[in-house]
Amino acid sequence: MIALLLATSAAAGTYLLFTAVVLGWHDIRLPAVSASSSRRARRRDWLIQAGLADVPMRELVAVMGALAVVGALGAYAIFGGLLPALATALFAASFPIASYRARRANRRAAAMDAWPRLLEELRIMTSALGRSIPQALFEVGRRAPVDMQPAFAAAQREWLLSTDFPRTLAVLKAGLADPTADAACETLLVAHEVGGTDLDRRLEALIDDRIQDSQGRKDAAAKQAGARFARFFVLIVPAGMALAGMSVGTGRQAYQTPTGQLLVVVAIGLVVVCWVWAGRIMMLPEEERVFDV
């Protein structure tokens, strides 16, 4: 009994010493993934999906600053006050973020349309044409959309340098930051390391799933087309009414009164809230990455 207790104590001490010295742990429990690291991962994926991974932050800040100045000057010319100019400047500074969101959505839509074709070519090359999995993957990558080709090129360079297929797929997944890419890479990795004859069947099932998901999202977007068009009137109508108000009654002088300034700021805030709220309720759920580690 004493020997068992001593052995258990020695094992626990070895565990604590090893995890403290080698891994930097300071607790018996496994370290949990912090919320900050999860947010950093989502932010990194967002930038990659929008094609902004290599864009310096100072360029984004410069563009936002320039638009803020333009918005402030335009608002001051109409309303003749600092508060409306400041509120409009803040709203105008958010335009690059909205533009990048639209760019990200377009890139993801193009990738969603391309994946069924890419997977079908990959299935044919690995089954009918007898290509090896890495060779077929890189050949398919050369015919991928332009936005996806750099990730395939980086993965091919990794393969040529290391011939380590798991590392190659890790580079590809990091460069694409796409749930379909994650699933396809994991399928190819299992087939490459374990072997078997069911790769064709698995790829075919993945193709069917991607086609159904793509068609469902397109149908939902088509049904929202009218509402998305109407959403722009949230910006156009108030701006038109503000311009028309300059020629009615006292016009611009009414905007310069304290009450007018306050009402203008409230109106700008309501426009922003309505614009954001309309975008939120029409947002389609995004597919989460599950094999990104």
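FYI, it's all coordinate maths here, none of it is from the lab. Everything quoted here is computed from the prediction, not taken from an experiment. Heads up, the Cβs are rebuilt from the backbone with ideal geometry, glycines too, and the neighbour counts pull from every protein chain shown.
Which order do Lys223, Lys173, Lys218 fall in if you start with the one that has the fewest other Cβ atoms within 10 Å?
Least crowded to most crowded, the residues run Lys223, Lys218, Lys173.
For the pair Ala128 and Ala62, what calculated FRET efficiency results from E = 1/(1 + (r/R0)^6), where r is the Cβ-Cβ distance and R0 = 41 Å, to the nearest 0.05?
0.20
Neighbour counts of other C-beta atoms within 10 Å: give me Thr187, Thr259 arranged from fewest to most. It would help to have the intermediate numbers written out before the result.
Values: Thr187 20, Thr259 9.
Going from sparsest to densest Cβ surroundings: Thr259, Thr187.
What is the gain in length, in nm to one decimal, between Leu235 and Leu270 on full extension, counting 0.36 nm per residue of separation less the C-alpha to C-alpha distance? Before the final figure, lay out each step's value.
Numbers: separation 35, 0.36 × 35 = 12.60 nm, distance 1.06 nm.
Extending this stretch completely gives an extra 11.5 nm.
Within a 10 angstrom radius of the beta carbon, how do Leu270, Leu67 rank from fewest other beta carbons to most?
In order of increasing Cβ crowding within 10 Å: Leu270, Leu67.
How many angstrom separate the Cα center of the range 132-166 from the Cα center of the range 55-89?
43
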